[in-house]
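Accompanying notes for the structure given below.
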Amino acid sequence: MNTRRVGIGVAAALATALTLSSCAAQAEATDDSVDYSTVTSLDEVGGLEALEEAAKAEGALNVIALPRDWANYGEILDLFMEKYPEITVTEASPDASSAEEIQAAENLAGQDTAPDVFDLGLAVALENTDAFAPYQVETWDEIPSELKEETGLYVGDYGGYMSVGYDPDAVPAPESLEDLLGADYKGKVAINGDPTQAGAAFAAVGLAAVQNGGSVDDFQPGIDFFSELNAAGNFVKVDPTPATIASGETPVVFDWDYLNVGYGTQLEGQRNWEVVIFDGTGYAGYYNQAINKDAPHPAAARLWQEFLYSDEVQNLWLKGGARPVRADAMAEAGTIDEKLFDALPESPEETVVPTAEQSDAAGVLLGEKWASAVQ
C-alpha cells in the first residue's frame with residue numbers, strides 16, 4: 001500500500017470543493033440592542049465575552065444527532081457543560097441521521113425544544129441551506145475556503161477517510177472492494193445508515209464508486225457494487241453500532257476511519273476489530289456545523305460554534321481520531337497536539353473529495369436508484 005498521512009487540509013490540495021471566499025460582517029451593537037438570531041460574527045457583539053453572557057442568560061442549548069462515541073463528541077459535550085454550567089445542554093436523538101436533524105427542526109419549529117445547531121453530511125447541508133443562519137467564527141480565516149460556505153451557512157469541522165472495519169476472528173482481512181463479494185462475507189457487510197439520508201452511508205457508496213471504475217462525478221458504479229453485494233447475500237441492512245459489532249451482527253462495517261477506530265477502542269477486550277483504508281483512490285469527507293435559523297437559543301448556538309472551532313476542541317476531534325478542519329493552521333502555529341496528529345491512520349496518496357455540485361448530483365442519483373438497487 002502506498003500511503004502517507006494527510007491532515008484536514010487534504011481537501012484544499014486534492015479537490016476544488018466549494019471554492020468560496022470568506023467575508024466577515026462588521027457592525028456595532030450594544031448589549032441591549034443585539035438580536036442574536038441575526039448575528040453573523042463576534043464583531044457585531046463586541047467579542048466572545050458578550051456572547052458568553054448572552055448565552056448564559058438564555059441558559060439552554062439543544063443539540064441533536066451527536067452520539068457520544070462519534071469522533072469524541074462525549075468529551076466535547078462534557079467540556080462545554082463544564083465550562084458553561086449555566087447552560088443546560090439537551091442532547092436529542094443521538095443516533096439520528098443528518099436528514100432527520102432537519103426534519104426535527106421542521107417538526108419542532110417555534111418550540112423551545114427545537115434544535116439550535118446541526119452536525120450534517122455535505123449532501124444534506126447542500127439541500128437545506130434555507131434552514132441555516134450564516135455565522136463566521138473567530139477562527140474563520142484558518143478554515144480552508146474549500147470547506148466552508150462563503151457566508152458561514154455551513155462550515156466543515158472534522159473529517160476523515162471512508163474505511164472498512166472488520167472482525168478478524170469472523171472474516172478474512174479484506175484487501176479490496178472485490179473481496180467483500182466473496183462467500184466469506186455472506187450476511188456480514190453493513191454501512192452506517194441510508195445513503196440518501198446519512199453522510200457516512202453516502203460516502204460508503206462514494207468509496208465504492210471510485211474503487212469500482214466510477215468517480216465522484218459518477219456514483220452509479222458504487223450503487224452497482226452494493227446491488228451486487230446485496231444479490232450475493234452479503235449486504236446486511238442493519239445500522240452498525242458498537243452493540244451490533246460486539247454481538248457479531250455486523251462483523252464488517254463501511255464507516256469513517258475515526259469511527260471504526262473508535263469501535264475498536266470501545267470494544268477492546270470484547271471483540272477484535274481491525275481497520276483498513278483500501279489501496280487505490282481514497283474517499284475523504286467532512287462533517288459540517290450549521291445554526292438553525294429559528295434556533296430557540298441563538299446566542300448559545302453561536303457560542304457552541306465558537307467553542308467547536310477553538311484550539312482546545314479541534315484537538316479533541318484529533319483525540320477522537322478525526323482530522324480537524326483547522327489542523328494545518330494549528331500545526332503552523334504550534335497549537336496542534338503533534339503526537340495525536342502524527343498518529344492518524346495512514347491514508348492513500350490519491351484522495352478525492354466531492355465538490356458541492358458533485359454531491360448534489362450524487363444525491364439526486366441515489367434518490368432515484370438506491371432503494372431499487374438493494375431491495
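The values are calculated or read from the model by the stated rules, or taken from the named source; none is laboratory data. It should be emphasised that the depicted structure is a prediction, and the values quoted were computed from it without experimental measurement. With ideal geometry, Cβ positions are generated from the backbone for all residues, glycine too; neighbour counts draw on all protein chains shown.
Brief remarks on what is shown
- Qualifying residue in region 255-264 (condition: farther than 29 Å from Ile102 by Cα and surrounded by fewer than 24 Cβ atoms within 10 Å (Cβ to Cβ)): yes
- Tally, over region 183-198, of residues that are within 24 Å of Val124 (Cα to Cα) and acidic (Asp, Glu): 1
- Summed over region 114-135, residues that are part of a loop (DSSP other than H, G, I, E, B), surrounded by fewer than 22 Cβ atoms within 10 Å (Cβ to Cβ) and touching a helix residue (DSSP H, G or I) at 6+ places or on another chain (Cβ under 9 Å) total 2.
- Residues in region 318-375 that are farther than 25 Å from Phe235 by Cβ, assigned by TED's automatic domain parsing to the domain that holds Leu207 and of a type in the set (Lys, Arg): 0 in all.
- Answer from Asp294, Asp217 - the residue that is closer than 30 Å to Ala50 by Cα and surrounded by fewer than 24 Cβ atoms within 10 Å (Cβ to Cβ): Asp294
- Test: residue in region 290-301 that is basic (Lys, Arg) and closer than 30 Å to Asp35 by Cα: yes
- If the condition is being within 20 Å of Gly264 (Cβ to Cβ) and assigned to a strand (DSSP E or B), then region 136-186 contributes Tyr158, Gly159, Gly160, Tyr161, Met162, Ser163, Val164, Gly165, Tyr166.
- Qualifying residue in region 161-168 (condition: under 17 Å from Ala190 (Cβ atoms), surrounded by fewer than 19 Cβ atoms within 10 Å (Cβ to Cβ) and at pLDDT 95 or above): yes
- Only residues that are out of contact with any Asp or Glu (no Cβ under 9 Å at 6 or more places or on another chain) and not small (Gly, Ala, Ser) were counted in region 333-350, giving 9.
- Subset tally (residues that are within 18 Å of the chain's Cα centre (by Cα) and surrounded by fewer than 19 Cβ atoms within 10 Å (Cβ to Cβ)) for region 312-334: 1
- Inside region 173-183, residues that are within 19 Å of Pro240 (Cα to Cα) and without any contact (Cβ under 8 Å) to a residue 24 or more places away in the chain make up a count of 0.
- Ala96 vs. criteria within 16 Å of the chain's Cα centre (by Cα), crowded, with 17+ Cβ neighbours inside 10 Å and part of a loop (DSSP other than H, G, I, E, B): yes
- Test: residue in region 52-63 that is over 26 Å from Asn315 (Cα atoms), of a type outside the set (Lys, Arg) and touching a Ser or Thr at 6+ places or on another chain (Cβ under 7 Å): yes
- Residues that are modelled with pLDDT of 95 or more and not β-branched (Val, Ile, Thr), drawn from region 126-146: Asn128, Asp130, Ala131, Phe132, Ala133, Pro134, Tyr135, Gln136, Glu138, Trp140, Asp141, Glu142
- Checking every residue in region 192-199 against the condition of being over 30 Å from Leu108 (Cα atoms) and crowded, with 22+ Cβ neighbours inside 10 Å gives zero matches.
- Being touching a residue at least 40 places away in the same chain (Cβ under 8 Å), surrounded by fewer than 23 Cβ atoms within 10 Å (Cβ to Cβ) and more than 20 Å from the chain's Cα centre (by Cα) is not true of Tyr73.
- Residues in region 11-51 that are at pLDDT 95 or above, assigned to a helix (DSSP H, G or I) and over 25 Å from Tyr287 (Cα atoms): Asp43, Glu44, Glu49, Ala50.
- Extreme residue, surrounded by the most Cβ atoms within 10 Å (Cβ to Cβ), among residues of region 335-375 that are hydrophobic (A, V, I, L, M, F, W, C) and part of a loop (DSSP other than H, G, I, E, B): Val353
- Residue within region 220-235 that is hydroxyl-bearing (Ser, Thr, Tyr), out of contact with any Gly (no Cβ under 7 Å at 6 or more places or on another chain), under 21 Å from Tyr258 (Cβ atoms) and surrounded by fewer than 24 Cβ atoms within 10 Å (Cβ to Cβ) present: no
- Pairs are defined by a Cβ separation below 7 Å, a sequence spacing of at least 6 or placement on different chains, a first member in region 105-129 that is closer than 25 Å to Asp360 by Cα, and a second member that is among the acidic types (Asp, Glu); the pairs so defined are Pro115/Glu101; Phe118/Glu101; Leu120/Glu101; Leu126/Asp360.
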